[in-house]
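None of the figures in this text is laboratory data; all of them are computed from the coordinates on show. Just so you know, these numbers come straight off a predicted model, no measurement behind them. Virtual Cβ from ideal backbone geometry, glycine too; neighbours counted across all protein chains shown.
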Amino acid sequence: MSAILHPFAVLFRFHKMKMLGALLIALFFVIVLFPKQDLSDYVAALVTQKTETYVRFDDLGFTLMPGLGISASEVLIEPRGLPPVKASLIEAAPAFLKLLTAKAGATVHAQDLFKGDVTVNYAQGSGTMHEIAVDADQVNLNELADFLRAAGISSLNLQGNLGLDAFINVDQTFKQQPSGNVSINIPAFVFPGQEVQMNMNGVFLPVALPTLNLGKVAMNVKLADRQLEIVNLDIGNAATDLSGKVKGNIGMNLQPTPVGVQPQVSKIEMRVDVLINKDFATRTPLLSSMLALINDPGCKQATDKGTRIACVITMVPGSQFPTYRALTEKL
């Protein structure tokens, strides 16, 4: 064996720089002369054929940093039954360390997706487990709301820029419930004045709502053991229409159905300590009717700046109304 390997060892010892140079030159010409347009057309046609999703982009290239991958510029994606999504650049690279362990993994980064930057990391775990991490920065909520409205998912108008950091463990069979953490940060969140549909004893009626300025909103959520825990939700400041803190737990069991994954909620308990600005209360006649439902007088307190709501709200599926009791702890 040593006699066979000896010529290669000598070649590498005395000519390694020449071999490296030749490899770099070959790699350079492969990248420069590679028929990118033909590959772009082939990839777009293949994606459309396999996923029924129309894809168009101007240029398909290679990336070397932080790892070998591909990039596409001016991307337009039109999933079947959904409005189009645009991004100025999408980069994708496989997780090579995962490939060495015979598991799938990849990183996808999108620029100008809803006017923000979004990075998704996927890694195949043990068995049927999958790990998904999402990092989003400066996602425009108005653009996102337009997409959801066009898709028929939500009719709400929203304003602000969203920052999101999420890590989720998912079992594709749902024999184990998902677990993970989500952090949301919106520096200036505004709920514009609009008409919404509200459930009034089983009947949905249109209700006109004024503009709600929430200011900075920061939330941390933990999902584990069939419990969605709101670790903290901080809203606004003394100058905003609503300010304060919210914590709580939502019993939740996620199950796959023919129309997607649906949550089965068992119990909701929220601990609320918020101040409703007096000016906002004056602009919202419906608010007085809603506050009248809080039947524990210890939950409400009139102040010079507005109405303070400090209570524990409990909701159980099947009950017609939630229950209220005064909050005795500091959030």
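Things to note:
- Other residues with beta-carbon under 11 Å from the beta-carbon of residue 294 carry, at +1 per Lys or Arg and -1 per Asp or Glu, a net charge of +1.
- Phi angles of the stretch 232-249 translate, via the Karplus equation with coefficients 6.51, -1.76, 1.60 and θ = phi - 60°, into HN-Hα couplings of 7, 9, 9, 10, x, 8, 5, 8, 9, 5, 9, 8, x, 9, 9, 9, x, 9 Hz per residue; Gly and Pro are given as x.
- Partner aspartates and glutamates for residue 330 [C-alpha distance under 12 Å; skip if fewer than 8 residues away on the same chain]: 273
- Hits among aspartates and glutamates - C-alpha to C-alpha of residue 103 under 18 Å, sequence gap 8 or more where chains match: 131, 171
- The dipole here belongs to the stretch 218-331: it is taken about the Cα centre, uses +1 on the Cβ of Lys and Arg and -1 on the Cβ of Asp and Glu, and is about 80 debye.
- As a rough guide to protection, the peptides 290-302, 104-116, 155-167 ranked by mean Cβ packing within 10 Å, highest first, stand as 104-116, 155-167, 290-302.
- Per-residue Cβ neighbour rank within 10 angstrom, fewest leading, 183, 289: 289, 183
- Amide H contacts under 5 Å for residue 306, placed H, 5+ residues apart: 278
- 3J(HN,Hα) along the stretch 168-176: 10, 9, 10, 9, 5, 8, 6, 5, 10 Hz, from the Karplus curve 6.51 cos²θ - 1.76 cosθ + 1.60 with θ = phi - 60°, whole Hz, x for Gly and Pro.
- The stretch 64-182: C-alpha gyration tensor shape, a/c 1.5 cut-off, then a/b vs b/c: oblate
- Full-stretch length increase - residue 249, residue 303 - with 0.36 nm per residue and alpha-carbon distance subtracted: 16.6 nm
- In terms of its alpha-carbon gyration tensor, the stretch 199-331 comes out prolate; a/c meets the 1.5 threshold, and the first ratio a/b outweighs b/c.
- Point-to-point label distance, residue 195-residue 78, nm (Cα→Cβ direction, 7 Å offset): 3.1
- Cut-off under 5 Å, modelled amide H: who pairs with residue 95 long-range: 105, 106, 107
- Formal net charge of residues neighbouring residue 111 (Cβ-Cβ distance under 9 Å; K, R +1; D, E -1): -3
- Taking 0.36 nm per residue of separation and subtracting the Cα-Cα distance, full extension of the segment from residue 128 to residue 108 would add 5.1 nm.
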